[in-house]
1. Test of understanding: among Val53, Val48, which residue is within 16 Å of the chain's Cα centre (by Cα) and near the ligand (Cβ under 9 Å from one of its atoms)?
2. Scan segment 80-105 residue by residue and report those that are at pLDDT 90 or above and more than 13 Å from the ligand (Cβ to nearest atom).
3. Out of Thr208, Thr283, report the one residue that is among the hydroxyl-bearing types (Ser, Thr, Tyr), closer than 29 Å to Ser54 by Cβ, at pLDDT 90 or above and out of contact with any Leu (no Cβ under 8 Å at 6 or more places or on another chain).
4. Go through (1) under 28 Å from Thr292 (Cβ atoms); (2) in contact with a Phe, Trp or Tyr (Cβ under 7 Å, 6 or more places away or on another chain); (3) hydroxyl-bearing (Ser, Thr, Tyr) one by one and return the number of the condition Thr171 breaks.
5. Which numbered condition in (1) surrounded by fewer than 19 Cβ atoms within 10 Å (Cβ to Cβ); (2) under 25 Å from Thr23 (Cα atoms); (3) not β-branched (Val, Ile, Thr) is the only one that Ala65 fails?
6. If you scan segment 183-205, which residues turn out to be aliphatic (A, V, I, L, M) and modelled with pLDDT of 70 or more?
7. Exactly one condition in (1) hydroxyl-bearing (Ser, Thr, Tyr); (2) surrounded by 23 or more Cβ atoms within 10 Å (Cβ to Cβ); (3) part of a loop (DSSP other than H, G, I, E, B) is false for Tyr35; which is it?
Amino acid sequence: MYWNFSDIIVGAGNGRFGRHSGTVALEIGFGNGEYLRHLALSERYSLVVGIEVSQWCVTKAARRALAGGSRNIRLMCGDARHIMKYAFEPESVSGVFMNFPCPWPKRRHAERRVARNDFAELLASYIAPGGEFTLATDVGWYARDTRDVFASCDSFDTGPAILNPERDYVTKYERKWRAMGRDTFQLTARKKQGLTEARTDIGDDNMTECTETISQTGGDFRQKVASLEGNVVEGPDYRAMFRDIYWNGDDEALVKIISVDEGFEQHYHIRIENRRGRVNVRTDPVGHPYKTPSVREAVKHAALKLSAKG
Ligand SMILES: C[S@@+](CC[C@H](N)C(=O)[O-])C[C@H]1O[C@@H](n2cnc3c(N)ncnc32)[C@H](O)[C@@H]1O
């Protein structure tokens, strides 16, 4: 069967859901997408947005949504902590849900936890006054730590972590933990009225393409492109690594890049085309990279090397 995912799996644009006039829900780390479907069917929200880091889960959830006929679900692939600020206008989301997030218990993996120190501030920017964040987890210390994170943020009234709550829907992971006899916890934090300063660091209009055009200053085009392999571009919070190069004829190449910005990893290609001495360097749209500092710097670096005398 052929599935048309293009209406449901979307890239983030500059506050792209801000134009939605109804109530919006966000689920972070939706796994197989069951809870998204439940939210969509509940009619509490007119739009249900899911952000999930696993491409495989995004595809599965898209199939589930399409097969069930849900028209009001949108899915984005990537790290919710980073994508959120490109997707929503300030104070535009009524409910944020996070069900059974990976706890990342080891200290060296703590950076990967979604509910880390600045998470409450981040959500305070996007949750509308009176809106709520709800966490369900099977990990007691994660529930307590998250409660502390929200309790120390002035924008929220935070309730206690409730042990083994009655849940409106039991997700795949919850079924698994319950079958093993484990306790579960639920935490709710309600956004107070009128306290949060709206964030201004919403992303650029053009989120997914970076371009540089340069005049080649001599030297062999193929050799110059080949010299990019293995390059690393670094700053205090980012790193971009130039990997394999794929050629299409002698004048067009795709360079594989792995970029990391504060723990947010992206894999994508930079397309380099030589059109009679004018060289165009741009992010290839297929990988939908977000225009983070590492992506911008990678494109600039490639352009700089190709424009160098040689
Ligand atoms: C343990 S699973 C739970 C799945 C589902 N919520 C459930 O209850 O069945 C955690 C999910 O969170 C996703 N995830 C982890 N970190 C994430 C992040 N920073 N942004 C978005 N999704 C994330 C993982 O890929 C995984 O699918």
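1. The unique qualifying residue is Val53.
2. Glu91, Ser92, Val93, Ser94, Gly95
3. One residue alone meets the criteria, Thr283.
4. Going through the list (1) under 28 Å from Thr292 (Cβ atoms); (2) in contact with a Phe, Trp or Tyr (Cβ under 7 Å, 6 or more places away or on another chain); (3) hydroxyl-bearing (Ser, Thr, Tyr), Thr171 breaks only (1).
5. The number of the failed condition is (1).
6. If the condition is that a residue be aliphatic (A, V, I, L, M) and modelled with pLDDT of 70 or more, then Leu187, Ala189 are the ones that fit.
7. That leaves (3) as the condition not met.
The values are calculated or read from the model by the stated rules, or taken from the named source; none is laboratory data. Since this is a predicted model, take the numbers as computed values, not measurements. So basically every Cβ, Gly included, is an ideal-geometry build from the backbone, and we count neighbours across all protein chains shown.
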